[in-house]
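Single-structure report; data block below.
Every read-out reported here was derived from the displayed coordinates using simple, explicitly stated rules and does not represent laboratory data. Here the structure is a predicted model, which is why all the values come from computation and not from measurement.
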Amino acid sequence: MSENSKLYISGCFAGLSSLIAFVPTELVKIRIQDSHHSTKEPRTESVYRQVTRDIYHAEGARGFYKGFWAHFWRDVPTYGIYFLSYDFF
């Protein structure tokens, strides 16, 4: 396996492992932006907590990973390219 392939695969694994943290935080952020919370109240810690509770009560723990595959197809190859180009430059 070439050095470039190793770099690309390493980047892909890094992108995959980052999804564990990024998908739920992105979902909460998007729900806040899309909901009434973004226009009525300043973004405080309580708004984030409330949206997190709403997601958990409505959809359970699996609800935090809605959109996982969209993030997967966006982030995993991109991290691979990033690792490859970082080493190149």
Mind computing the radius of gyration and Dmax over the alpha-carbon atoms of the chain? Å is fine for both. 16.9, 55
Mind checking the full-extension length gain between TRP69 and TYR86? Use 0.36 nm per residue of separation minus the Cα-Cα distance, one decimal, nm. 3.6 nm
Given the rule -39500 (n - 2.57) for each run of at least 4 DSSP H residues, summed and divided by the residues of the chain, what is its mean residue ellipticity at 222 nm, to the nearest 500 deg cm²/dmol? -27500 deg cm²/dmol
Given contacts defined as C-alpha pairs under 8 Å and at least six residues apart, what's the relative contact order of the chain, whole-number percent? 57
